[in-house]
Amino acid sequence: MTAQDFATAMRPEPAEIVDKRAFGADLYAFRLRLLEPGARERFAFQPGQFNMVYAPGVGEVAISISSDPDDFDLEHTIRIVGRTTQVIEAMEPGDVLGLRGPYGRGWPLAEAHGRNLLIVTGGLGCAPVSGAIDYVFRRRASYGHVTILHGVKKSSDLVHRARFLEWRRQPDTTVLLTADQPDRAWRDRSGVVTELFEEAQIDPARTVVLMCGPEVMMRYAIRILRTRGVSDDDLHVSLERNMKCAVGWCGHCQLGPEFVCKDGPIFTVRRLGRLLQVHGL
């Protein structure tokens with residue numbers, strides 16, 4: 001990449017906020033519409049890829065695209081955790097921010113045609129995989145049985161309950177929810193998400209696994225799924241790192257020989273090898 005190419009790649013496209021929805025405290029879905037003619041075609045993406053979202057004069061953050069690739073607008077679910085996202089939180093429909101992207105590698109949804117999907121998530125949002133789930137259900141006939149296992153720490157952390165209920169109503173689908181610290185109103189399972197594997201029907205030869213959440217959870221889940229016969233080639237994880245340039249130049253997101261921004265954020269466990277097992281890497 002030449003210096004001119006790099007400068008072009010780093011230039012954000014203007015995008016207007018056309019919708020903003022809150023999911024509890026500190027979590028918002030922003031629907032964005034690119035303003036330049038032809039810009040949407042340049043942002044063709046696969047579920048699991050991300051954009052750099054730019055707050056003018058402040059900075060930018062890497063945010064997964066949570067909408068369907070066929071939608072004209074782009075949706076990003078943003079957790080408010082730092083200075084840049086705090087500025088974005090204060091923005092409203094009609095305001096304009098910047099987008100760069102899309103970046104990285106997406107989920108292997110084309111390769112998964114005709115196979116079962118096991119989707120394992122943990123935490124508040126898991127936006128990297130929610131877009132993939134919606135993608136699958138819009139193309140339901142192309143996939144086998146879908147099993148969704150989702151765990152949260154506290155019952156109140158289940159901010160997308162309506163979405164999980166909608167997924168539960170889909171044909172040939174199993175949705176299991178669990179909370180580490182359930183309250184008295186909780187009606188689903190109690191415990192950590194990996195305990196749900198005891199209830200999941202897994203045919204290892206036919207199953208593709210999509211996983212995102214805390215890395216400690218994913219490490220335990222990988223061990224269990226290996227014992228169930230799932231190949232490392234069929235175990236796909238979404239990783240988070242401090243991504244700044246998004247094109248592999250700055251090195252902030254380096255993971256051994258890999259750069260999460262351009263080689264990920266979706267990796268097979270086969271490709272990562274032992275890297276995922278090294279704490280602090």
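Quick one: in region 86-107, of everything that is at negative phi and either β-branched (Val, Ile, Thr) or touching a Gly at 6+ places or on another chain (Cβ under 9 Å) (or both), which residue is surrounded by the fewest Cβ atoms within 10 Å (Cβ to Cβ)? For region 86-107, the residue satisfying everything is VAL96.
Looking at region 19-41 only, could you name the residues that are more than 17 Å from GLY94 (Cα to Cα), at pLDDT 90 or above and outside any helix (DSSP H, G or I)? Once the filter is applied, which keeps residues that are more than 17 Å from GLY94 (Cα to Cα), at pLDDT 90 or above and outside any helix (DSSP H, G or I), region 19-41 yields PRO37, GLY38. Of everything in region 131-147, what is outside any loop (DSSP other than H, G, I, E, B), open to solvent by less than 60 Å² (accessible area, probe 1.4 Å) and either without any contact (Cβ under 8 Å) to a residue 12 or more places away in the chain or not β-branched (Val, Ile, Thr) (or both)? Give them in sequence order. Within region 131-147, GLY131, ALA132, ASP134, TYR135, PHE137, ARG140, SER142 qualify. Do you know which of the residues in region 112-128 that are under 17 Å from LYS153 (Cα atoms) and part of a strand (DSSP E or B) is modelled with the highest pLDDT? The selected residue is VAL120.
Could you tell me whether any residue of region 60-80 is at pLDDT 90 or above, buried (at least 16 other Cβ atoms within 10 Å of the Cβ), more than 24 Å from ALA132 (Cβ to Cβ) and touching a Lys or Arg at 6+ places or on another chain (Cβ under 8 Å)? No, the conditions are met nowhere in region 60-80.
Given the criteria under 16 Å from the mean Cα position of the chain (by Cα), open to solvent by less than 40 Å² (accessible area, probe 1.4 Å), modelled with pLDDT of 90 or more and not β-branched (Val, Ile, Thr), does CYS245 qualify? Spelling it out, it is not the case that CYS245 is under 16 Å from the mean Cα position of the chain (by Cα), open to solvent by less than 40 Å² (accessible area, probe 1.4 Å), modelled with pLDDT of 90 or more and not β-branched (Val, Ile, Thr).
When TRP167 is tested against (1) more than 21 Å from ILE65 (Cα to Cα); (2) aromatic (Phe, Trp, Tyr); (3) touching a strand residue (DSSP E or B) at 6+ places or on another chain (Cβ under 6 Å), just one condition goes unmet, and that condition is (1).
Within region 161-193, the set of residues being open to solvent by less than 20 Å² (accessible area, probe 1.4 Å) and either touching a Pro at 6+ places or on another chain (Cβ under 8 Å) or closer than 18 Å to THR77 by Cβ (or both) comprises PHE164, TRP167. Per the conditions (1) in contact with a Lys or Arg (Cβ under 8 Å, 6 or more places away or on another chain); (2) among the basic types (Lys, Arg); (3) under 20 Å from VAL159 (Cα atoms), the sole criterion not satisfied by ARG11 is (3). Here GLU16 meets each of (1) modelled with pLDDT under 95; (2) open to solvent by 40 Å² or more (accessible area, probe 1.4 Å) with one exception, condition (1).
Give the residues of region 148-160 that are out of contact with any Phe, Trp or Tyr (no Cβ under 9 Å at 6 or more places or on another chain) and either farther than 14 Å from ARG189 by Cβ or surrounded by fewer than 17 Cβ atoms within 10 Å (Cβ to Cβ) (or both), sorted by residue number.
Going through region 148-160, the residues out of contact with any Phe, Trp or Tyr (no Cβ under 9 Å at 6 or more places or on another chain) turn out to be 151-154, 156-157.
Hits for region 148-160 are LYS153, LYS154, SER156, ASP157.
Taking the stated definitions as given, is VAL120 open to solvent by less than 30 Å² (accessible area, probe 1.4 Å), over 30 Å from ALA15 (Cβ atoms) and in contact (Cβ under 8 Å) with a residue 60 or more places away in the chain? Criteria met by VAL120.
The values are calculated or read from the model by the stated rules, or taken from the named source; none is laboratory data. None of the values given here were measured: they were computed from a predicted structure. Virtual Cβ from ideal backbone geometry, glycine too; neighbours counted across all protein chains shown. SASA here: full protein model, heavy atoms, side chains in, ligands and nucleic acids out. Shrake-Rupley method; radii C 1.70, N 1.55, O 1.52, S 1.80 Å.
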